[in-house]
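Reviewing the structure listed below.
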Amino acid sequence: MATFTDVYADKAGVLDDTSKARSNIYESRLRLLHKALVTAPDGGAADPGKIVSIGVGSGIFETLLDQRYGIRVAQSVEPSAALGARARAKGLDVVEATAQGFDYGAAPYDTIVYNGSSFGFIPDDEIVETFSRNKAALARGGRIVLTDVPAESALGIALRFIQEGSVPGRVAEEALAGTAFFNVSEHSYKPYWHEIGWYVDVLRKAGFTQFGFWQTIPENPPYHNERIEDPTPGYKSGNYVAIVAS
Ligand SMILES: C[S@@+](CC[C@H](N)C(=O)[O-])C[C@H]1O[C@@H](n2cnc3c(N)ncnc32)[C@H](O)[C@@H]1O
């Protein structure tokens, strides 16, 4: 396995706990992910087909995709043993590996998905090669789906300031109270933050040429959990964004 530090080792329950405490945000995120999985970069309908989910975490979204939409993820990949065990307990087929180290020998896949910013844990100097291997593992017309809290979003900016330690704890708690990161001390943030345009450049370098974007939860952070939202096209006003590329 590539060098990997499991930041979830002693807090494997945080994702499941947060999904219950911020159920509207998670429902909006599920709708965003579903839209990205069934939509081509040009906005037309697409069949997600054979899916691999990388950085599956505890398998929250993959379980709901099956229950709600009948979309079954063929293969899940998760480097954290603690999170992978939770996903396995929900019935998912989980390989313990990083995105960089996973053996794509069962390719071709129709969709490779990184949900919840799992690609934001891949070092910058390894990401083009990782996405290039993903491109090679996709069937003709296959798609990669990345869902993210963009660095440039209100939530992204707040998380980055807090992560840098430049915000007093009380201010951080107030700023994040309405978000999925309300449990400030329990969460682990991705170490690598970039604007959406940076990822488009990286994906181009990896061989992807067609791009589509969906976004959800445009409100300011205190109001993220107030209601369930359906995704809209674009990426410039969502606190959660999906990139679909082929
Ligand atoms: C914020 S969690 C998202 C989990 C899940 N996809 C979700 O949306 O609930 C990020 C996930 O990426 C995983 N991860 C960390 N480094 C990774 C890597 N190099 N390759 C693949 N996944 C990684 C973490 O273990 C964690 O499960």
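So which of Lys50/Lys90; Lys20/Lys90; Lys20/Lys50; Lys50/Lys190; Lys11/Lys50; Lys11/Lys205 end up more than 24 Å apart, counting from Cα to Cα? From the list (Lys50/Lys90; Lys20/Lys90; Lys20/Lys50; Lys50/Lys190; Lys11/Lys50; Lys11/Lys205), the Cα-Cα distance tops 24 Å for Lys20/Lys50; Lys50/Lys190; Lys11/Lys50; Lys11/Lys205. In the chain, Cα pairs under 8 Å separated by at least six residues give a relative contact order of 25 percent. Candidate cross-link partners of Lys35 among the aspartates and glutamates, defined by an alpha-carbon separation under 15 Å and a same-chain spacing of 8 or more, comprise Glu27, Asp47, Glu62, Asp66, Asp148, Glu229, Asp230. One Cα centroid belongs to segment 97-129, the other to segment 11-87; the line between them spans 15 Å. Rounded if a/c is under 1.5, else prolate if a/b is larger than b/c, else oblate: which is segment 91-246, with a ≥ b ≥ c the root eigenvalues of its Cα gyration tensor? Prolate shape, in that a/c is at least 1.5 and a/b is the bigger ratio. Can you give the % of DSSP beta bridges in the chain that are antiparallel, to the nearest 5? So the antiparallel bridges in the chain amount to around 50 percent. Highest GNM mean-square fluctuation among Lys35, Lys135, Lys90, for the chain modelled with Cα contacts below 10 Å: Lys90. Local charge for Gln75 was computed over the other residues whose Cβ lies under 11 Å away, with Lys and Arg +1 and Asp and Glu -1, and equals -2.
Can you tell me how much longer the chain between Asp16 and Arg170 gets when fully stretched, taken as 0.36 nm per residue apart minus their C-alpha distance, in nm with one decimal? Don't skip to the end; give the middle numbers.
Working: separation 154, 0.36 × 154 = 55.44 nm, distance 2.46 nm.
Gain on extension, Asp16 to Arg170, equals 53.0 nm.
Sorting Thr216, Thr63 by the number of Cβ atoms found within 10 Å of their own Cβ, with the fewest placed first, yields Thr63, Thr216. Between Ala74 and Ser237, the FRET efficiency from the beta-carbon distance, with R0 = 22 Å, is close to 0.10. Full extension of the chain between Arg133 and Ala89 gives 13.0 nm of extra length, using 0.36 nm per residue less the Cα-Cα distance.
No lab work stands behind these numbers, since they all come straight from the coordinates. Only a predicted model underlies this, so the values are computations on that prediction, with no experimental measurement involved. Counting neighbours? That spans all protein chains shown, and the Cβs are built from the backbone with ideal geometry, glycine included.
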